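J.: Mind looking over this structure? Questions follow.
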Amino acid sequence: MGITVPLAALTSVVLTFSGVGCSGPPREACGPSGPQRSIASICGFRNPEDIDFDASTGVVIVSNMRHSGSLEGGSLSAMAADGTGVRTIWPRGDSSDFLEESHAAAATENGCPGRPNRGVFRPHGITFAHRGDQTFLYVVAHESDEGGREAVEIFALNGSGANARLQWSGCIPTPEGTHGNDVAVAPDGMVIVSNWMEVISLWSTIKGAVFHARTGDILAYRGGEGWSRLRGTDAAMPNGVAVSPDGSMLFYSETGTGKIYRRPFDESAPSVFVEVGGNPDNLSWTDHGTLLVATHTGGPAFSACEFGRLPCKSPWEVYEIDPVTLASTLVLAHNGDAVGAIATATQVKDRIYLGSVFDDRLGYAALRRK
């Protein structure tokens, strides 16, 4: 059977090989949305790939992800729900970054080799989880694309508001030959990670994006049992993950095909999907039980950003998905002028915050209800 290669994907690959220009025209300064734009922005970030909000402490955490070719490590930022008080919450560079060894119980489990190297810490997907009265942040983190520590790093969140702080408390190393992207934690403590690519390479990207070939799958970790691969989750660049509040359903995005899948953990029913198009990224729950997904629609423009063309103005869309019917509704669509390459859309009270893969800012828009 012949293979039809989508023109946008093929153009993206051509641009990748040709080494696109390294800069574009400047954009407006960060600030509230004016009459000419619908997306406001907040500066002070570095490739803010994922965002999560803990309502119990009023803290928004943002993962500032370092990219290939940069010698600097990444970081985790915190801000209030209204976007004020942006600050680096981890690492701060002193001993308070870590819980005392006697209290870091998770560090002695799961084969965790010890504290991460703050200088090469690269946070990716993040999620809050609660155990008793303690709040934890789970972070998919890397040391480099060429090898090194690959783990879910676990941080205890102490305090609230402007006084909140993160302290590393342990890690769960991911299996050798896997590269995590996003993370979710089920109500029973099971940790879910999307294994984006088993081999990080241009060829793997081409296989997934152009030919829709399998590059990875979904991993599950249970204490005392270790990691397992969830059957039937082989995918072309699996990305965002979410678990239903009752713990019965897994949702994950397939970047290479534009699909969002729903799969029961007990496999009592087959997986089903909805196609939102583009290249969907992270998933997040709203306060009324729907899912938000950001999807890249830039094709060649996204590849240009990846290979150095900044500021990144790659267009994007955000969809809201009903987890029962899988009906999808377009919530936002933007040409990328205010903030480009949106990887995540997270509801925080009456706003949707928008994290970008290649930018110095977050976007945000008012949450509109019908």
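Derivation of every value follows stated rules applied to the coordinates shown; laboratory data play no part. Everything numeric in this text was worked out from a predicted model, so none of it was measured. Methodologically, a virtual Cβ is constructed for each residue, glycine included, from the backbone with ideal geometry; neighbour enumeration extends over all protein chains shown.
J.: Can you give me the orientation-averaged projected area of the convex hull built on the Cα atoms of the stretch 162-212, in nm²?
T.: Computing the convex hull of the Cα atoms and averaging its projections yields 6.3 nm².
J.: Over all pairs of distinct alpha carbons, what does the Kirkwood formula give as the hydrodynamic radius of the stretch 260-366, in Å?
T.: 14.4 Å
J.: Do the sum for the chain: with -39,500 (n - 2.57) for every DSSP H run of n ≥ 4, divided by all residues, what is the mean residue ellipticity at 222 nm, to the nearest 500 deg cm²/dmol?
T.: Value at 222 nm, helices only, nearest 500: -2000 deg cm²/dmol.
J.: By how many nm would the segment from N158 to S56 grow when fully extended, if each residue of separation counts as 0.36 nm and the alpha-carbon distance is taken off?
T.: Between N158 and S56, full extension yields an extra 35.6 nm.
J.: Next question. Amide H to amide H, which residues 5 or more places from S284 or on other chains are under 5 Å from it, using H placed in the peptide plane?
T.: Placed amide hydrogens put L292 under 5 Å from S284.
J.: Shifting gears a bit: Roughly how compact is the stretch 237-297, stated as its Cα Rg over 2.2 N^0.38 Å to two decimals?
T.: That ratio works out to 1.07.
J.: Below 9 angstrom from the Cβ of A78, what's the summed charge of the other residues (Lys, Arg +1; Asp, Glu -1)?
T.: +2
J.: Under a Cβ-only charge scheme (Lys and Arg +1, Asp and Glu -1), can you give me the dipole magnitude of the chain about the Cα centre, in debye to the nearest 20?
T.: 800 debye
J.: If you take the alpha carbon radius of gyration of the stretch 168-286 and divide it by 2.2 N^0.38 Å, what ratio comes out, to two decimals?
T.: Here the Cα radius of gyration is 1.02 times the empirical estimate.
J.: Grab the other residues whose beta carbon is less than 10 angstrom from that of D97, score K and R as +1, D and E as -1, and report the net.
T.: Local net charge: +3.
J.: While we're on this one: Report the percentage of all Cα-Cα pairs in the stretch 41-173 whose separation exceeds 28 Å, rounded to a whole percent.
T.: Of all Cα-Cα pairs in the stretch 41-173, 11 percent lie more than 28 Å apart.
J.: Follow-up. Which Rg and Dmax, in Å, describe the Cα atoms of the stretch 321-370?
T.: 12.0, 36
J.: Sequence gap at least 6, Cα distance under 8 Å: using those rules, report the relative contact order of the chain to the nearest whole percent.
T.: Relative contact order comes out at 17 percent.
J.: For the chain, set up a GNM with springs between Cα atoms under 10 Å and report which of G58, G93, G240 has the largest fluctuation.
T.: Maximum fluctuation in the GNM of the chain, among the listed residues, is at G93.
J.: Could you tell me which GluC sites (Glu not before Pro) in the stretch 175-265 are loop residues by DSSP with no more than 13 other beta carbons within 10 angstrom of their beta carbon?
T.: Hits after loop and neighbour filter: E176, E225.
J.: Throw me the Rg/Rh for the chain, computed over C-alpha atoms with Kirkwood Rh, two decimals.
T.: Ratio of gyration radius to Kirkwood radius for the chain: 0.94.
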